[in-house]
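Asks: Quick one: the structure is below, questions incoming.
Quick note: the coordinates plus some simple rules give every number you see, no bench work behind them. Quick caveat: nothing in here was measured; it's all calculated off a predicted structure. Glycine also receives a Cβ, built like all others from the backbone with ideal geometry; neighbour counts cover every protein chain displayed.
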Amino acid sequence: MKTYSKFLWGLAALPMLVSCSQDEVSPDPGREDTGAGVYMSFDLSFSGKNSRAFTQGDDSSSDGTEIGTDAENKVNEVLVVLSNPTNNGFVAYTLIPEEKLLSMTAGDQPLYRATGKFNKTVINDYYTTTTQRDVNVYVFCNPSGTFVQYIKARLTNDRDWINYTEDVVVGAPSENSLWNKNSGFFMSNLRVATRTLPAQIDDWNVFMSESTPFDLSGINNAGQPTEVDNHTNRGAIDVHRLAARFDIRDGSQMLDVEGCNGVKDVPFTYNVVFNKENRPLVQCEIISMAPVNMMNKQYVLERVSDTGMDTNIQLLGAERPWYSTSTGTVIPNSGNYVVTPYATEKEAGIMSNWTEYFNYTFYDPATGKVDSRGKHWKFESISKVVNGSTEDYPYDRYPDPNKNGDYRAWRYVTENTMPGSADNQMTGQTTGIVFEARMKANPDLATSADKWERKLYEVLNATVHNSNPYADPILFALSGSLYASWQHVQAAALAAAGFDATKGQNQSLDRTAGLYLACYGNGGVGVVRDDDGDIIFTDTEEPDVASVNYAYEIWEAAGRPAPDGTHPQFATFRDRAVTNLFTLYLSNQNENGDWGYYCYYYYWNRHNDNGQVGTMGPMEFAVVRNNVYKLAVTRLSQLGHPRVPENDPDTPTPDTPDEQANVYMTVSVRVLPWVVRINNIQF
């Protein structure tokens, strides 16, 4: 896609003795093969900088480095653009195809050398229209076809080309222009690379052959009056990938908990619900995951600013840290922001029309609510990822090259940051991951002395389900407890009010108990029966017609119909239950058609951790190019969100902050520099 700016006028194209006026420059000013030309070469280095768990300054990270795979480091084609450093105007380009890349070896580092030809007429025009002898060199590895065609159409002194943004299409791997199995990773400069050209146009005469190119990374004509030193304090030009990467490992520590009937070594499985004796009742197994709010376009050249807006940017500037942990404390610092497209919209808050900005939108544009069944999400089996299955993804899975915790590469994502106030980091516009988990009963519950624990086991292990989930048992969660049915809620509410079945009518209830109020409201309980159906208590207080229980009894008497325009009884019951902070879990089928009880955990990707739980800092939640985000879910502290947003008292809205005091899970995140092997390319 197109967006442009200022900054690349100078990387000159070194031609010869032909002059033409600026008005005569072709719309294809860099054409390589129209007669005489001049040749240039330079060294190209792949940088893993700009990756961090938290930014420490000038491209350093708190978490080491990582070499990429061969697929992530391969160069199939190189586009070089020259621009004028004084006014950012476009000068020339050359395109180096794969057959012109000579593969070399230096130790264990794969290297490339290439030679590129620049049109002599265009270079000569640069000499005749300016006294400038420096140029900015911009290198694009594996550029998209749309970007190449865009560059070919640039006119001399075009100052907007640096703002070009690339559309990111999801779907078949071959459609993605940032990472592609066949064409490689789209890469661009890490920093502005200013280089010096020969002083006079005639000095180019010795660089007219492919065998004797002018060196943009070395010393030319050493020891002669025409010497040009592009080696000292210059040398190789660093590039990095436009994409970021998510890696995953099992952080459940392989459960081996007493009282779990020997259940152990179950990957991605966590004890979540416990009884009063702290014995685990319910576990959650993470079975799949899906990216959400992945931006649908990205600047080809990275930029930073002090506000996060796309004005007063510093092109290819370093990301400065907001925090320092050198003293063991978090100290505000003079940080800056990486700028991504839609900064103006993000500053205002993207509250609707999410498909205009993101792939895999977290919210459904049709309803404005969490995409309950994930029609905009793409789930992938977590076991297939960690076991190395490729499915339809562009690159083979592979273990962590550093063998650090057995991480597996999962997928690539686009850059996404929020400008200005930390409050702009909210769920409507931050890139995140939805983890899908299935509830599992502790096998010990099958023989528990507690009838409700046995009931819970029965519900979670049922193999036969109704096509109508509303006819199946519904699980209710409140304040860390899980109830196997509404009857279980009723029994617990009576117990909280001090009910004793052995006392018959001769007792009074504490109707101020929290669970009692949540269930029965300000009224009575009606008739209470034992397990055989015999009446053991009849309340003299009238039922509260506004209570959750009253609405449940009406829905139950109607035969538990699914909610629709004719049968609104469940909707009334559900709305009252959610208002009283009950979370409802209905049976569902997963992507493989398996019935069960599932929940979702929402994770918002952390870039710079300020170390303050519940408090967001600038650039804390973001995705920045060429970062590897290593993720491991280490704990699930409570059940996740139900699939149906209306059943959730804690369902987020587009303006919900990414970080809140109530935490559903903790995730350990290691952000590593995605350092690549060095490649030398000569033009």
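Asks: Short version: ³J(HN,Hα) in whole Hz for each residue of the range 298-313, in order, from phi by Karplus 6.51 cos²θ - 1.76 cosθ + 1.60 (θ = phi - 60°), x for Gly and Pro, what are they?
Replies: For the range 298-313, the Karplus-derived couplings read 8, 5, 6, 9, 5, 8, 10, 8, 6, 10, x, 8, 8, 10, 6, 7 Hz, x marking Gly and Pro.
Asks: Stretched out fully, how many nm does the piece from Asn87 to Ile554 gain, at 0.36 nm a residue minus the Cα gap? Kindly include the intermediate steps, with their values, before the conclusion.
Replies: Values: separation 467, 0.36 × 467 = 168.12 nm, distance 7.46 nm.
Residue separation times 0.36 nm, minus the Cα-Cα distance, leaves 160.7 nm.
Asks: Note the full-extension length gain between Asn221 and Val464 as 0.36 nm times their separation in residues minus their Cα-Cα distance, in nm to one decimal.
Replies: Once the chain is fully extended between Asn221 and Val464, it gains 79.2 nm.
Asks: Something else now. Can you list the residues, at least 5 places off or on another chain, whose amide H is less than 5 Å from the amide H of Asp215, using H built in the peptide plane?
Replies: Ser41
Asks: Can I ask one more? Cut-off is 10 Å between beta-carbons; in what order do Ser305, Ser587, Ser334, Ser288 appear when sorted fewest neighbours first? Show your work: numbers first, answer last.
Replies: Details: Ser305 18, Ser587 21, Ser334 8, Ser288 24.
Taking fewest neighbouring Cβ atoms as first place, the list is Ser334, Ser305, Ser587, Ser288.
Asks: Output the peptides 413-426, 355-368 sorted from most to least packed, where packing is the average of other Cβ atoms within 10 Å over each peptide's residues.
Replies: On the way: 413-426: 22.0, 355-368: 18.4.
Order by mean packing, descending: 413-426, 355-368.
Asks: For a test of the definition: using alpha carbon positions, the gyration tensor, and the 1.5 limit on a/c, classify the range 197-251 as rounded, prolate or oblate. Display every interim value, and only then the final one.
Replies: On the way: a/c = 4.50, a/b = 3.10, b/c = 1.45.
Prolate.
Asks: Now, a different point. Evaluate E = 1/(1 + (r/R0)^6) for Ser421 and Asp650, where r is the Cβ-Cβ distance and R0 equals 22 Å; express this FRET efficiency to the nearest 0.05. Intermediate results must be reported in sequence, preceding the final value.
Replies: On the way: r = 24 Å, r/R0 = 1.08.
Efficiency computed from Cβ-Cβ geometry: 0.40.
Asks: Let me ask something else. May I have the pair-distance distribution P(r) for the range 560-666, computed from all Cα-Cα distances with 5 Å bins from 0 and rounded to whole percent?
Replies: 2, 10, 15, 18, 17, 14, 10, 7, 4, 2, 0
Asks: Also: Compute the distance in nm between two label points, each set 7 Å from the Cα along the Cα-to-Cβ direction, one at Thr311 and one at Asp534.
Replies: Modelled inter-label distance: 8.1 nm.
Asks: Using 7 Å Cα-to-Cβ label points, what is the Ser324/Gln200 separation (nm, one decimal)?
Replies: Between Ser324 and Gln200, the simple spin-label model gives 5.2 nm.
Asks: Past the 28 Å Cα-Cα mark, which pairs from Lys276/Lys378; Lys100/Lys297; Lys181/Lys378; Lys152/Lys378? Don't jump to the answer; show the numbers that get you there.
Replies: Details: Lys276/Lys378 38 Å; Lys100/Lys297 30 Å; Lys181/Lys378 19 Å; Lys152/Lys378 36 Å.
Beyond 28 Å: Lys276/Lys378; Lys100/Lys297; Lys152/Lys378.
Asks: Could you give each residue of the range 418-428 its phi-based ³J(HN,Hα) in whole Hz, using Karplus coefficients 6.51, -1.76, 1.60 with θ = phi - 60°, and x for Gly or Pro?
Replies: 10, x, x, 4, 4, 5, 6, 7, 9, 5, x
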